[in-house]
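Each remark here refers to the structure printed beneath this line.
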Amino acid sequence: MLASILLGALVTSYLLCPIWRVIYNVFLHPLAHFPGPWWAGATSYVEAYFDIMKGGQYFRKIEAMHARYGPIVRVSPEELSIRDAEFYEHIYGSMSARRDLDTANARLNGSPTSVISTLDHEHHRLRRSPLLPFFSKQSVVRLEPFIWSRVNLLVEKLKHAHKTSSVIKAVDAYGALTSDVISHYAYGKTFDYLGNGSDLEFRNDYMQAIAALSFVSPISLHFPLVVAIMKRLPQWLLQILNPNIIRVNELRRRCTDLAMKVLQTTSPGEKDVSEKPGTIFEALLSPSMPPEERTLERMTDEGFIITAAGLETTSRFLTNTTTHLLLNTDCLAKLRAELKTVMPAPGDCPPCSVLENLPYLSAVVAEGLRCETIFMTRFPRKLVEPLAYKDFTIPAGANIGCAPYLQNSNADVFPEPERYRPERWIEARERGENLGKYLATFVKGGRMCLGINLAYTEMYLTIAAIFHNFDLEFVDSGLENITTTRGYFFGFTDNYDWGVKFRVKNVLG
């Protein structure tokens, strides 16, 4: 009798627990009084439904929430989205402001020991510190000759493509370039995707794996146990259930092999501390780091994330800018006229410091970074202490964030945000305004993108070289091919693809 009563109580508690959780979230939770639909705050499974079952559609719901409820809305039980251009910097804080990372969001990329996934603010600073000099402006300047060498290889391949009238997918071509650069920087050995002069398909297994990781991210966020189980299933079964996981696992294995080779050939305790690190792994293996920070798992996770970030993001930025320049021929004409002032001959390779001083090229780069829907994640940060916003006090422990595209398309600071117009940056500069402080592409604060200097250098050099040397034309492509209709970590189109195709119409000069 007693056993039956206890069993009944357990079953009842099990059934009532989710109901109680919903009641608590809607009426008693510290975020219950913030604007937003009740169902968004009730359970995170609403987000899971729209992103998993409906194919990356929750971002549209968030847009609708802001349109109805205003600049601050509750988008999940523990998270607020704040779309306020002037408040954006306060969301992420200064470089020294304490911002933690929520456990659920930390598992999105499957690399728990990487800098980007580190939960605690102080632990994040410890892991980030040896990489800061490595990604400094001075370090990137020293890398410029290598970047130019790979850009010139891309130029040569496109000249070959012109002779054969080959059709090129822009994100793959640029991805080959960025893969070669980040692999050289990280491992001291390039993947050499641009080395095969006869291969014009720019095949890149890393690109496929990163896209796969993005598609899996909603499952990792809401159903981590499912992902953990799938990682342990045999390959043949994974191929049936979810081929995306196979691509991610293959990429991780490659990063593990590379990390193991570095660990086997490097003795961090014997390295001269005055010697500047030559690769990312040398920086991570600094004697100043505790032994537990120099493990194979740590090296694998960091290599995986840095490689993925250095490859996918910049190749998409370049594709985005290429698309808009081909659609806006007046902008392209202005750019080419300006480039001729510092690149009079076809093979000229001016330093980035010269290119950065070209007003229109700088505006083209900035507008290409603004006019994008590449990052669809909200990059939430967990508050360590309360934060005031207008009449609200956001409690400690709450997650707050703003998807970069929401900030970059804010009409209050970027009038006609849907229009690609580099002139807005030149006009703002002439008025003494700093539009750059509103640009959210690389996020802000102490957890902002490490590779911002490398990304800018790659963009300046590549845009200058491509449009100084070539006249391109779309092939069965257009703006719709870079317009996000499915939002995962990255944005994708209806057919789960992204990016335009082009043909080299003419070689200039």
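Each reported figure results from applying straightforward, stated rules to the coordinates on display, with no laboratory input. All figures in this text were calculated on a predicted structure; none of them were measured in a lab. Here the Cβ positions follow ideal geometry from the backbone for every residue, glycine too, while neighbour counts run over all protein chains shown.
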List the trypsin sites (Lys or Arg not before Pro) in the range 381-471 that DSSP assigns to loop (not H, G, I, E or B) and whose Cβ has at most 13 other Cβ atoms within 10 Å. Which are they? LYS390, ARG419, ARG431
Please list, in chain and number order, the residues 5+ apart from LYS505 or on another chain whose amide H is under 5 Å from its amide H, with Hs placed from the backbone. ASP471, LEU472, GLU473
Within the range 30-120, report the trypsin sites (Lys or Arg not before Pro) that DSSP leaves as loop and that have at most 14 other Cβ atoms within 10 Å. LYS54
Work from the charge dipole of the chain (Cβ charges, +1 for Lys and Arg, -1 for Asp and Glu, about the Cα centre) and give the residue of SER183, SER220, GLY491 farthest towards its positive end. SER220
Rel. contact order, % - alpha carbon contacts under 8 angstrom, at least six apart, the chain: 22 percent
Charges on Cβ only, +1 for Lys and Arg, -1 for Asp and Glu, centred on the Cα centroid of the chain; of THR321, TYR360, PRO234, which one is farthest towards the dipole's positive end? PRO234
Note, ARG419: beta-carbon cut-off 12 Å, +1 each Lys/Arg, -1 each Asp/Glu, net -1
Contact order normalised by length for the range 27-118, with contacts defined as Cα pairs under 8 Å and 6 or more residues apart; what percent is it? 23 percent
Show me, for the range 211-219, the HN-Hα J-couplings you get by feeding each phi into the Karplus relation (A = 6.51, B = -1.76, C = 1.60, θ = phi - 60°), rounded to Hz, glycine and proline as x. 4, 4, 4, 5, 5, 7, 4, x, 5
List, largest first, the extents of the alpha carbons of the chain along their principal axes, each in whole Å. 91, 55, 48
Karplus (6.51, -1.76, 1.60) ³J(HN,Hα), θ = phi - 60°, over the range 140-150, in Hz, Gly and Pro reported as x: 5, 4, 5, 7, 3, x, 5, 4, 4, 5, 6
I need the semi-axes of the equivalent ellipsoid of the range 383-509: take the C-alpha gyration tensor, multiply each eigenvalue by 5, square-root it, list largest first in whole angstrom. 34, 20, 16
Cβ charges +1 (Lys, Arg) and -1 (Asp, Glu), total dipole of the range 34-126, debye: 260 debye
Scan the range 382-477 for GluC sites (Glu not before Pro) in coil per DSSP, keeping those whose Cβ has at most 10 other Cβ atoms within 10 Å, and list them by number. GLU418
Based on alpha-carbon centroids, what's the gap between the range 60-94 and the range 221-253 in Å, whole number please? 33 Å
Per-residue ³J(HN,Hα) for the range 164-171, Karplus 6.51 cos²θ - 1.76 cosθ + 1.60, θ = phi - 60°, Hz, x for Gly and Pro: 9, 6, 6, 9, 10, 8, 4, 5
